[in-house]
1. Take each of the peptides 63-72, 109-118, average the number of other beta-carbon atoms within 10 Å over its residues, and list them starting from the highest.
2. Viscosity 0.890 mPa s, temperature 25 °C: Stokes-Einstein D of region 281-381 from its Kirkwood Cα radius, in µm² per second?
3. For the chain, what is the mean residue ellipticity at 222 nm derived from helices alone (per DSSP H run of n ≥ 4: -39500 (n - 2.57); sum divided by total residues; nearest 500 deg cm²/dmol)?
4. Cβ neighbours within 10 Å, averaged per peptide: list 84-91, 368-375 in order, most packed at the top.
5. Along each principal axis of its Cα atoms, how long is the chain end to end? Whole angstroms, biggest number first, please.
6. Give me log10 I(q)/I(0) at q = 0.19, 0.21, 0.30 Å⁻¹ for region 199-261, Debye formula, one equal scatterer per alpha-carbon, no solvent.
7. Please give the solvent-accessible surface of Ile401 in Å², to the nearest 10, using a probe radius of 1.4 Å with every protein chain present.
8. Enter the angle in degrees (range 0 to 90, nearest 10) between the Cα long axis of helix 298-318 and the first principal axis of the Cα atoms of the chain, meaning the one along which they spread out most.
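The values are calculated or read from the model by the stated rules, or taken from the named source; none is laboratory data. Since the model is a prediction, treat every value here as computed from it, not as a measurement. Cβ: placed from backbone, ideal geometry, glycine included. Neighbour counts: every protein chain shown. Please note that ligands, DNA and RNA were not included when accessible areas were found on the heavy atoms of the full protein model with its side chains. Shrake-Rupley method; radii C 1.70, N 1.55, O 1.52, S 1.80 Å.
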Amino acid sequence: MPQGEMRKPLLGGAAEPDVPACDLKSPAVGILGTGDFSRSLAHRLLACGLRVIVGSRSPDRNADRFPAGVEVSTQRDAAAQAHVLFVALFPDHYSSLAALKGELAGKVLVDVSNGTTLNRSRPSNAEELAALFPESSVVKGFNVLSAWALLNGPRDGSRQVLICSDDFQAKNRVALLARSMGFVPVDMGCLSSARDIENAPLYLFPSWGSPFLCAVCLFFSFYIYNFFRGVLLPYVIKGHNVFYKLPVEMVNETLPLVSLVMLALVYLPGLLAAGLQLLRGTKYQTFPMWLDRWLCMRKQLGLLSFFCAAMHALYSLCLPMRSSARYKLLNAAFKQVKLGQESSWMEQDVWRMELYLSFGIVALGVLSLLAVTSLPSVGNSLNWREFSFVQSGLGYAALSISTLHTLTFGWNRAFDPGQYEFYLPPTFVLAVLLPCIVLLGRLALALPCLSLRLARIRRGWETRLHQVHFRLPDEDMSTV
């Protein structure tokens, strides 16, 4: 790459920060390494008014990589002048710093490296660095930040910086440095926590695994049931070929079922937790592990429910565009003309469809509001009462309206024996069972006899079975 190009930002559209003048007599912050992360880190430190010196094995060749104001020197000079040094090298190259052990003694070394695979048993990179330099104070940190976040500042990336060290003073010094750069340091404890910090960037949506698996299982369960009931059996028994329904119509019939069940699964664990507290008569007993995990994944379940509902709306808008829909419309018109019917208006079906669409639009709107308020930037602007009203009050409203949407779709067909073809109930009958149970459970908890008792328990009241009594030793009444 030409040398002139190295002065440009790492990503297009990112402007270099305004570089304030720094005092040459002020303590320098060193960086060992000249990669992309080192360059972004030098940009950010320099923008904060700090004196930055970069240690390189080839300072003349790498000087043009960094903005004016950053000193690029040898690694030995950087180690001698700076008290805090960021080790921005691959862990395999840590041994190349062995010759600087004397200059690095008593210095603070910030390990910013990450692993390539999850480390569950080996020592962390930071612990290996501490073993190589026992006279230095090693701090793990800044590895969860990308070069983009460093170059553009905390406004365009995560603000949290996870740090850990066995040296309390060194850890505080790095924490103050992170705050001066606009980030929020999070103390993770001793250096033994470095393995968890290094593993953090390697996890792929750790809190989404179970909710996503649940959504996939529900989708395929309903889809296979619909395929078996509405496509395969009619073809085998009656010879009706409707396999054209598989790509669009069957998917569109399955998505709302998944969305409704997933939304019910958001509020079911809260009811189970309330029931356990009422049964136990105390709030000081922990929930079972499975229930605790279920409670922690409600946000992900709700967002997946919203995603399925939004996809259902898009699929529904595309239904009239299909060739099969146009052919069906033409066939229905031809039959009407052939039978001599002037009007095929059916008042009941018209009202059913109008109500069905209205409930669906309102339910999607409320779900959209719930999804927006789940964003940290929006949720942090709400107080607890507002957030509770939106997530609980409007959440149950969304579940109720979505259930009405499904019930209106079914109308009176749930009681029509003809709908139970091959002795299999329609899918909307199966999907509406769990939401109705959840709504009935919520109504039961709203009864005064239960709601007042639950409120007392959550304020700390306990039944006598769980109350702890303290008894003083009996006094000897024989002496006065």
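1. Taking the mean over residues of other Cβ atoms within 10 Å, the ranking is 109-118, 63-72.
2. 134 µm²/s
3. After summing the helix terms and dividing by the residues of the chain, the value is -15500 deg cm²/dmol.
4. Highest to lowest by the protection proxy: 84-91, 368-375.
5. 99, 98, 40
6. After summing over all Cα pairs, the log10 values are -0.74, -0.82, -1.18.
7. Here the accessible area works out near 30 Å².
8. Between helix and principal axis, roughly 50 degrees.
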